[in-house]
1. In Å², and per residue, what accessible area does the stretch 184-248 have when probed at 1.4 Å with the other protein chains present?
2. Quick one: length gained pulling Phe261 to Leu183 fully straight, 0.36 nm per residue minus the C-alpha distance?
3. Where the centre of each part is set by its Cα atoms, how far does the stretch 90-131 sit from the stretch 190-248, in angstrom?
4. Return the Rg/Rh value of the chain, two decimal places, where both radii are evaluated on C-alpha atoms and Rh is the Kirkwood radius.
5. Using helices alone, I'd like the mean residue ellipticity at 222 nm for the chain: each DSSP H run of four-plus residues gives -39500 (n - 2.57), total over residue count, nearest 500.
6. Please express the shape of the stretch 1-91 as an equivalent ellipsoid: the semi-axes are the square roots of 5 times the eigenvalues of the C-alpha gyration tensor, given largest first in whole angstrom.
7. Give me the lysines in straight-line cross-link reach of Lys304: C-alpha distance below 28 Å, same-chain residues under 8 apart excluded.
8. Leaving out ligands, DNA and RNA, what percent of the accessible area of the chain is carbon and sulfur, probe 1.4 Å?
Amino acid sequence: MTPVLQSRLPAVGTTIFSVMSALAAEHKAVNLGQGFPDFACDPALVDHVTQAMQAGHNQYPPMPGVPQFRQAIADKMQALYGRAYRAADEITVTAGATQAIITAILAVVHPGDEVIVLEPCYDSYVPNIELAGGTAVRVALTPGTFRPDFDAIAAAISGKTRAIIINSPHNPSATVWSQQDMLHLQELLAPTNVLLISDEVYEHMVFDGAQHESVARYDGLAERAFIVSSFGKTYHVTGWKVGFVAAPAARMAEFRKVHQFNVFTVNTPVQHALTAYMGDAAPYRDLSAFYQRKRDIFRAGLTKTRLRLLPSEGSYFQCVDISQVSDLGEADFCKWLTSEIGVAAIPLSAFYGNGFDQRVVRFCFAKQDATLHAALERLQAL
Ligand SMILES: Cc1ncc(COP(=O)(O)O)c(C=O)c1O
């Protein structure tokens, strides 16, 4: 008898990211779709990995991560955001932010619980919630501006709400939450038992002199939060998949119960390499300026097209409104743009459960200047 498989995630199919990447390869398009750099990381970082391996750091590290690495992360959070996390029991190293988020969800969400997500959102959140037996309650960010709609969030909170997931700087809209937004959320959650998962993977990419409003800056939020970040974005090594979670000890204890039977430990030599590399603040301190320059090159070129620019306040994304260029829906437009114009982009509808189409697509500008210029030349022919 052939066993019948009942899918745990029946609604999940091939993602638009895979579809667009395959199409981009087929048509030799400039790929501004998927969010990763097309340039190399600092060679010194690679040297640190080699040295760590040669020094014999090749066996399992302690379950929560290499102690010196956790201390370096805690020191950085203290220096940047003024909050003291104990390396011993409040920081855990993860296999990227994606594992951190699913592990936090599995640690706290019980069957029947509700978790609020703000759409458009990163595509792993909802399937993660469903794998935990929870229900995702989708609240839209305000169409057009993508600002949080606190009335809608307040209306979505019920006795069943276990947690809310936020993400700033935001993928895909490139918006950044302000101090006022954070205070608003803090006030809203104060009388509730709602936990917070804060996805801060773009923490070092905030433009125009604004600062990253980490949850760590806000006592009332930090005490209920799992703060998640990733070294992949910060150091141009998305394939290394190393991130971390910071949370108060009692919550971290629950997180680690799941973590130890999920990945158990994360790549040892890379943790040692990142510890050594983090001794210098310049690479993350200067990252906003690095990406702001690329953003400005890309935006200046796009003003010569009929694509309408939306603000890009942080992250490495730029969204554009396509309505003056085409009557196609977002997904069809992206397929057409890839195959006919030779530039790949991602439709925002991919980040909504109901496929909401607002005629906006996302480009990633974490690319060499030459790549951006090649894309712009093609886009200016639109
Ligand atoms: C908002 C957001 N969260 C999480 C991740 C995943 O990070 P990691 O590669 O460290 O798992 C990404 C990657 O694109 C992202 O955009």
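1. Values: 1960 Å² over 65 residues.
I get 30 Å² per residue for the stretch 184-248.
2. On the way: separation 78, 0.36 × 78 = 28.08 nm, distance 3.59 nm.
This chain segment gains 24.5 nm when fully extended.
3. Taking the Cα centre of each part, the stretch 90-131 and the stretch 190-248 sit 14 Å apart.
4. Across the chain, the Cα-based Rg/Rh ratio is 0.96.
5. Here the helix-only value at 222 nm equals -11000 deg cm²/dmol.
6. Working: eigenvalues 268, 121, 69 Å².
After diagonalising the Cα gyration tensor, the semi-axes are 37, 25, 19 Å.
7. In chain and number order, the partners are Lys28, Lys294, Lys335, Lys367.
8. Details: 8420 of 15990 Å².
Here carbon and sulfur together make up 53 percent of the probe-accessible area.
The values are calculated or read from the model by the stated rules, or taken from the named source; none is laboratory data. Remember, predicted model here, so these are calculated numbers, not experimental data. With ligands, DNA and RNA removed, areas are computed over all heavy atoms of the protein, side chains included. Shrake-Rupley method; radii C 1.70, N 1.55, O 1.52, S 1.80 Å.
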